[in-house]
Each structure stands twice: as structure tokens, then as C-alpha cells.
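Since the structure comes first, as C-alpha cells, the remarks are kept for the end.
The values are calculated or read from the model by the stated rules, or taken from the named source; none is laboratory data. Model, not experiment: these values are computed from the prediction. Neighbour counts run over all protein chains shown; Cβ positions are idealised from the backbone, glycine included.
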């Protein structure tokens, strides 16, 4: 080696050492917890119990296995998996290498999966065995996906022919690899994930999350929600979404808590688990809490271990919220945000639940929120406009979409696409998504306001969404689509009459449509676009 080569190698080594000391890397949060609490239980999945030392060693072996296969900083690795320990191992292994993890939404259509694999330029795919046959038509169209790594999942897959690409099992990936830390240079703002947003009218956008944003968002949640190393969490919402992954999984592992992994929600099973495992923290959707309240086992279940219950996607109807606080007898809080904010922007705190029912809270540490008009001017309390943010949690941008990024960052703020206002107490209220504001008879009506009135008008309404449907006279007719509680009968005209007593009469629905169920995304969010499409001709319009 020449003097020049030796000097260059020494400089590279010095840069790496400095990076390892100073950097912000999500993978390092697991490394440090394992060093601090090596024997503490990190994850529980069925009969599998892994300590922090064991989990971190597995992550390191997988990271080395990926490195041997040529994965380097900036490469993308797709991940198609339900909630599992292998999901987390893949995620943290990618983080330590500087590889970008691209979680696949298991509710996507094959063509959406193909698009994401191409757009993200994924060079490999970790996929659970039971998904291989269903998703192979999607990824077989992307020859750039050279490696297919099959995780055990929930069962054996059918034999799938994968020409011109390597195939190995997840166990083989890390087999024989060292459990030492993979020491790779990864910059603080390097991407850690490409999370794709739903594309109902256009192709999904790839939200670039970086290490600093996710690391500090995880710390923010741990502090704001008061997580500790003696907490026991249940992870039941999909890990391929930012809310479960970054709000609870990374936060729980950062503080040294125990994460109980579930593949989905079952009211009875969750109640049993809360009692048997002494669960202290749960995170679910409003409909999940409603199903637990209605489950016969709720009366005999010991819920005394619960400290806090988090809900997301939407505020709870006031009556349900009060019942939850009474029955679960723990603090309730709402997380509000979006994927582009990693995802938390505000928290509706326990002390505000009953005094400001329906609000979405106050900004969390590291986030500044404001209301902006269409001209870029910030608005005072009480005035309605677009909710905008500044803060460390904010995405780097949209992947390979500079125009969308520029629009999102106009006027030096991130534009959420949500309409809201701050009240005199400094609490944020979400009024509607811009796209869900109904333009009826020359007036703009927030669907959220009408939905709250529907719930308040009749306790027999289990779920409600309000949409605008084409109408010859009104342009868009305000329409409520409701699901009754089991065994209940709804009087539609009586509900409309009650609503007119609660809000301005012109905002009341022109009709109430009763249905058995509402279409949902994989996280349980109602797909209003599908409801609108299905009922588009309800008033005789096309």
C-alpha cells in the first residue's frame, strides 16, 4: 500500500469512528438498550420470548448476512410481512447498515406492489411464506428484485418458480454470520424507510423517513406518553404503517419495555392477554375499543394493569370515550399526525379528553403547528385554514417527486392537507381533510362536524361516515352512511331531526343510509372514496 493509499484508509477509518460515536441511527437505539438491559425481555410472540441481548444478536447476524450479499448504504430492501419478530429484525438490520427498508402494505393490489417495488428500486424482498404465491405475480415483473428472502410467517407456501433471482430462507440469511455490531458509516439524515401513502386518485407517494426524524419521534413518544422499561405493550396494528412501527415499537424498544406481538385484533383474545400478561400500554382504533366494551368478557376481566390507552385515526364519539375511561380506568390519549410527520404531530392528552372532547390536542415536543391560509399567511386562534407543521419529525421529502415535495414545503412549512383551527385554549381541532369538505348548496361543510352530530343524535349508531354525493340541486348532497349497533334499529328521519337541533340545519344529512359494514384500509381507517364510488348514483346522478 502506498503512502497516499494508507493516508486515505486512515482518513476513512477516522470518519467511520467519528460517525459511530456521534451519529443518530435507529439501529443504535436497539444496540444501546441491549447493552443496558441484555437479559430483559424485548419481544414476546406466541411461545417465542427473546431478550434484548438475543434480539440484538439476531439483528446483527441478519445485517452481516445482508452485507455479505452486497447490500450497502442507500440500497433498498422491500419487506412483505405481517406483525412478527422477523419484521422488526429486518427493520433494525437495515437501519444498522444504512439500507432503506420498504414495508409493503398487505392490503395493496398486485399492481400497487409492482409500482412500489419499481419506484423504490428495491434490490431484494423479504417476504413471509404464506404471501409468496399471492405476491409473486407482482414482484416477478420487477427483475431488479434479485433476492427473495422467505421468512416463516404463518405457514408453508406453495412452490413458486423464481427464474433469474436468488431465493433463500430468513434463517439462512443470518446462518453462521457473526453477532458483532456491523460498523458501517450511516449519516444522520440518511433514509431509513420509504413508506408509501395510499393513492386513491394517483400513484402512491414514497415518503422518505430519515434516521434523525424517526429516532427523535420515538424519543418524543416515549417522553410524552411516559413509557418506561417496565411497560408491557401489545403491537396489534400493522407494523408496515408508521403509527404502530414508530409510535410504539421503536419507542418501546428504545426504553427497554416488552413488546407483545399480535398479528391482528380480536377483542376477547386481547382482553385475556391484558389480564394474563399484565399489559400496561395498548394502542388501537376507536372501533377496537368499542368492540372490547361490547364483549361479554369485559365484565370479568382484570384491567388493573393498564396505565395508558392510545387511540388513533379519529377522535372517539364522546359517549364511547366516557365509557372507555370508566371501564378501562386508565389514561386515554389520542395521537394525531400523518406518515409525513413520522407520524406524530399532536397529542390529545388525558387531561383534555373530557373538557375538549373531539379535539386532536396540542403539539408534541419537537413539532410546531400552525394554521395557514391559501396565501401563506399564518392565522390567529379561532380562524380555520390548513394545518401546517415545522419540526424534526418531518419527512425528508417525497421519493423522486420534487414537484410534490416543493408543494408540500411551500412557504417554509409542511402542508398537511388537513383543515383545522386552534381554539382559545391553544388546542388544535381537526375540521376535515381538504378533499372531504362537502360543497353543498354553495356552502362548505366539514364532514367531521356532521359525523359528530350523527353520533350525538342516536346512541344506537356504532359507526358513521358523512360524504357528499352528486345531486342535481345541491351539487353535493350531505349524506350519512351508518352502521347500527348489534340488534339496534335506526329511525332515519328522527336522527335527521335530532341533528338539526345540534348543528346548523343546512348541514344536516339529506339522507341516512344504513349499512352492515364500511370498507376499511389495513389499519381500519374507513375508505370514504370507496363509499362515495359505491353510492354515487344514490340521488339519480351519474
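Looking only at the stretch 355-406, residues that are under 29 Å from residue 219 (Cβ atoms) and outside any loop (DSSP other than H, G, I, E, B) come to 20 in all. Candidates are the residues of the stretch 456-474 that are out of contact with any strand residue (DSSP E or B) (no Cβ under 6 Å at 6 or more places or on another chain) and surrounded by 15 or more Cβ atoms within 10 Å (Cβ to Cβ); the one that is farthest from residue 502 (Cα to Cα) is 470. Selection of the stretch 281-307 for residues being free of Cβ contacts under 8 Å to residues at least 40 places away in the same chain and closer than 26 Å to residue 336 by Cα yields 286, 289, 291, 292, 293, 303, 306. If a residue must be more than 33 Å from the chain's Cα centre (by Cα) and either in a helix (DSSP H, G or I) or modelled with pLDDT of 95 or more (or both), how many such residues does the stretch 527-542 contain? Of the residues in that region, 0 qualify.
The set of residues in the stretch 55-79 that are closer than 21 Å to residue 248 by Cβ and either surrounded by fewer than 24 Cβ atoms within 10 Å (Cβ to Cβ) or touching a strand residue (DSSP E or B) at 6+ places or on another chain (Cβ under 6 Å) (or both) comprises 55, 58, 79.
Between 192, 214, 282, which is assigned by TED's automatic domain parsing to the domain that holds residue 414, crowded, with 22+ Cβ neighbours inside 10 Å and touching a strand residue (DSSP E or B) at 6+ places or on another chain (Cβ under 6 Å)?
Unique residue meeting the criteria: 282.
Scanning the stretch 390-413 for residues being within 24 Å of residue 444 (Cα to Cα) and buried (at least 18 other Cβ atoms within 10 Å of the Cβ) gives a total of 1. Could you tell me whether any residue of the stretch 451-471 is over 33 Å from the mean Cα position of the chain (by Cα) and either assigned to a strand (DSSP E or B) or farther than 30 Å from residue 295 by Cα (or both)? Yes, the stretch 451-471 contains a residue that is over 33 Å from the mean Cα position of the chain (by Cα) and either assigned to a strand (DSSP E or B) or farther than 30 Å from residue 295 by Cα (or both). Once the stretch 496-526 is narrowed to residues that are closer than 30 Å to residue 263 by Cα and either touching a residue at least 40 places away in the same chain (Cβ under 8 Å) or assigned by TED's automatic domain parsing to the domain that holds residue 82 (or both), the residue that is farthest from the chain's Cα centre (by Cα) is 518. Summed over the stretch 153-184, residues that are touching a strand residue (DSSP E or B) at 6+ places or on another chain (Cβ under 9 Å), surrounded by 13 or more Cβ atoms within 10 Å (Cβ to Cβ) and in a loop (DSSP other than H, G, I, E, B) total 5. Residues that are in a helix (DSSP H, G or I) and without any contact (Cβ under 8 Å) to a residue 24 or more places away in the chain were ranked within the stretch 234-279; the one that is surrounded by the most Cβ atoms within 10 Å (Cβ to Cβ) is 269. Where residues in the stretch 302-334 are at pLDDT 95 or above and within 17 Å of residue 220 (Cβ to Cβ), which of them is surrounded by the most Cβ atoms within 10 Å (Cβ to Cβ)? Per the stated criteria, the residue is 334. Considering the conditions (1) surrounded by 14 or more Cβ atoms within 10 Å (Cβ to Cβ); (2) part of a helix (DSSP H, G or I); (3) not assigned by TED's automatic domain parsing to the domain that holds residue 136, residue 12 is excluded by exactly one of them, (1).
Within the stretch 187-198, does at least one residue satisfy the condition of being over 22 Å from residue 241 (Cβ atoms) and touching a helix residue (DSSP H, G or I) at 6+ places or on another chain (Cβ under 7 Å)?
At the first step, the residues of the stretch 187-198 found to be over 22 Å from residue 241 (Cβ atoms) are 187-189.
Keeping just the survivors that are touching a helix residue (DSSP H, G or I) at 6+ places or on another chain (Cβ under 7 Å) gives 188-189.
Yes, the stretch 187-198 contains at least one residue that is over 22 Å from residue 241 (Cβ atoms) and touching a helix residue (DSSP H, G or I) at 6+ places or on another chain (Cβ under 7 Å).
With respect to residue 481, is the statement that it is closer than 30 Å to residue 82 by Cβ, modelled with pLDDT under 90 and surrounded by 17 or more Cβ atoms within 10 Å (Cβ to Cβ) true? Spell out how you get there, then give the answer.
Details: closer than 30 Å to residue 82 by Cβ: yes; modelled with pLDDT under 90: no; surrounded by 17 or more Cβ atoms within 10 Å (Cβ to Cβ): yes.
Answer is no for this residue.
Among the residues of the stretch 504-522, those identified as surrounded by 17 or more Cβ atoms within 10 Å (Cβ to Cβ) and part of a loop (DSSP other than H, G, I, E, B) are 508, 509, 510, 518.
crowded, with 20+ Cβ neighbours inside 10 Å, assigned to a helix (DSSP H, G or I) and in contact (Cβ under 8 Å) with a residue 12 or more places away in the chain: is that true of residue 102 in this structure?
Working: crowded, with 20+ Cβ neighbours inside 10 Å: yes; assigned to a helix (DSSP H, G or I): no; in contact (Cβ under 8 Å) with a residue 12 or more places away in the chain: yes.
Against the criterion (crowded, with 20+ Cβ neighbours inside 10 Å, assigned to a helix (DSSP H, G or I) and in contact (Cβ under 8 Å) with a residue 12 or more places away in the chain), residue 102 does not qualify.
Restricting to the stretch 472-495, and then to whatever is assigned to a strand (DSSP E or B) and free of Cβ contacts under 8 Å to residues at least 40 places away in the same chain, can you tell me which residue is farthest from residue 295 (Cα to Cα)?
In the first step, residues of the stretch 472-495 are kept if they are assigned to a strand (DSSP E or B); the result is 475-484.
Applying the additional criterion that residues be free of Cβ contacts under 8 Å to residues at least 40 places away in the same chain yields 475-476, 480, 482-484.
Details: 475: 42, 476: 38, 480: 27, 482: 21, 483: 18, 484: 16 Å.
It comes out as 475.
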